[in-house]
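One structure below.
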Amino acid sequence: MASITLRNIVKQYGDGFPAVNDVSIDIADGEFIILVGPSGCGKSTLLRMIVGLEDITAGDLLINDVRVNDKAPRERNLAMVFQNYALYPHLTVFENIAFPLRLAKKKHSEEEIRQKVTEAARTLELTDHLERKPANLSGGQRQRVAMGRAIVREADAFLFDEPLSNLDAKLRGQMRSEISQMQRRLGVTSVYVTHDQTEAMTLGDRVAVLKKGELQQIASPRELYEQPVNLFVAGFIGSPSMNFLPATPAGDRLRTPIGDIPVAADKLQTVQGRQVVLAGIRPEHFEDATLVDEAKRPQGHTFSTELTHSEWLGNEQYGYISFEAEPEIHRLLANLAREMDADELRPQIVVTLDAASRIRGGRPAELWVDTSKLQLFDPETGINLT
Ligand code: ATP
């Protein structure tokens, strides 16, 4: 197994901005790292550079502390697991798993091959399916065959390039947990590319968020969620997305479209003297005020509003609040949309309410928001000030 170190890695294709720009990541032996970001952010390019399918323009790539920039993919001993699993339909599961051994420069005896394939099949719970063809396997089993190939090669690390993106939602969920369990069982260093934030949040030990070729933040899923470094990460992680409200410091409060909300002194200090900042509040930090414990209420802010509409999802509901915005706020929101690669951001707040709430669109409502969870961002630079 292996540690993988990226030091100031750059990939420049043509004259435009680099596809990958000065990315440094230390991946520990056995760690599961996710590369996530919107389309075109450079995540696949980064993975392809690690495996050796793409030249590195500048920077150093180290595997177990040895520089491998100029080594051929074969010599790096990393196994790539692709989207379509690249299984051979005419070969049995046994032969599909044995394939890399038959192809290897070093000759393996038939006995050796049988032993390695049997062992991998046992680990992957494929023993009963060894004589089947891929067409007769479930999606999950095919995924395991693809991993079996990587195992028999005794690869130092597994690299996954959006392996689940062609599957329907239910199967994707099953496969996600299979990959996660398998990776933990094998303890093999893994790098996994996805644009799906559920995969990013559930699979990895740490998640690296990329935007336009640049690393924004690398942290545990929880830290990304609770302490995003900037507006981009805050908006990208979480669904529905974090709300961003224009806020102006006024005494010990922040003036916002949902009223003047009390804010802890240390948070307020970070924004003193500013005209306007963006207050980030996640949808689930709102609640129907009538459902909030009396004891808990003082920790937050209660306000009267009216939902434009609501959506009932069975286990919870989404409510939407529109707010009036001055031209300056529209400019900020346009700025924010650019920052987040979004098309348009409307002056709107999305709230998640308990399924039991009787609040509905078009009627007055009392909502409560947990202000202790509020984050404050610089509207121009996007940096998290809290
Ligand atoms: P997606 O999720 O859409 O696959 P990605 O985050 O994996 O996106 P990359 O495929 O790594 O992004 O591409 C990063 C940038 O590099 C994009 O702007 C892309 O157009 C550009 N790019 C990728 N491959 C090439 C190439 N062979 N030649 C020129 N530009 C390329």
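Against the condition more than 21 Å from residue 297 (Cα to Cα) and in contact with a Ser or Thr (Cβ under 9 Å, 6 or more places away or on another chain), how does residue 247 come out, does it pass? The answer is yes for residue 247. Within this structure, residue 110 passes the test of being loosely packed, with under 13 Cβ neighbours inside 10 Å and at pLDDT below 95. The set of residues from region 355-375 being more than 22 Å from the chain's Cα centre (by Cα) and either surrounded by 19 or more Cβ atoms within 10 Å (Cβ to Cβ) or of a type in the set (Gly, Ala, Ser) (or both) comprises 355, 356, 357, 359, 361, 362, 365, 367, 368, 369, 371, 372. The residues in region 117-128 that are surrounded by fewer than 20 Cβ atoms within 10 Å (Cβ to Cβ), free of Cβ contacts under 8 Å to residues at least 60 places away in the same chain and in a helix (DSSP H, G or I) can be counted, and the count is 5.
Return yes when residue 97 is assigned by TED's automatic domain parsing to the domain that holds residue 209, in contact with a strand residue (DSSP E or B) (Cβ under 9 Å, 6 or more places away or on another chain) and surrounded by 16 or more Cβ atoms within 10 Å (Cβ to Cβ) and no when it is not. Answer is no for this residue. For region 159-178: of the residues being among the hydrophobic types (A, V, I, L, M, F, W, C) and at pLDDT 85 or above, which is surrounded by the fewest Cβ atoms within 10 Å (Cβ to Cβ)? Checking each candidate, the answer is 159.
Within region 299-336, if we keep just the residues that are under 12 Å from residue 347 (Cα atoms) and small (Gly, Ala, Ser), the residue that is nearest to the chain's Cα centre (by Cα) turns out to be 334.
Of the strands (runs of 3 or more DSSP E) lying entirely inside region 1-67, those containing at least 1 residues that are assigned by TED's automatic domain parsing to the domain that holds residue 202, more than 19 Å from the chain's Cα centre (by Cα) and at pLDDT 95 or above span 4-11, 20-27, 58-63.
Conditions tested, residue by residue: (1) more than 30 Å from residue 214 (Cβ to Cβ); (2) in contact with a helix residue (DSSP H, G or I) (Cβ under 6 Å, 6 or more places away or on another chain).
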position	(1), (2)
239	no, no
246	no, yes
249	yes, no
261	yes, yes
268	yes, no
296	yes, no
341	no, no
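The values are calculated or read from the model by the stated rules, or taken from the named source; none is laboratory data. Keep in mind that this is a model prediction, so the values were computed, not measured. Every residue, glycine as well, gets a Cβ built from its backbone with ideal geometry; the counts of neighbours run over all protein chains shown.
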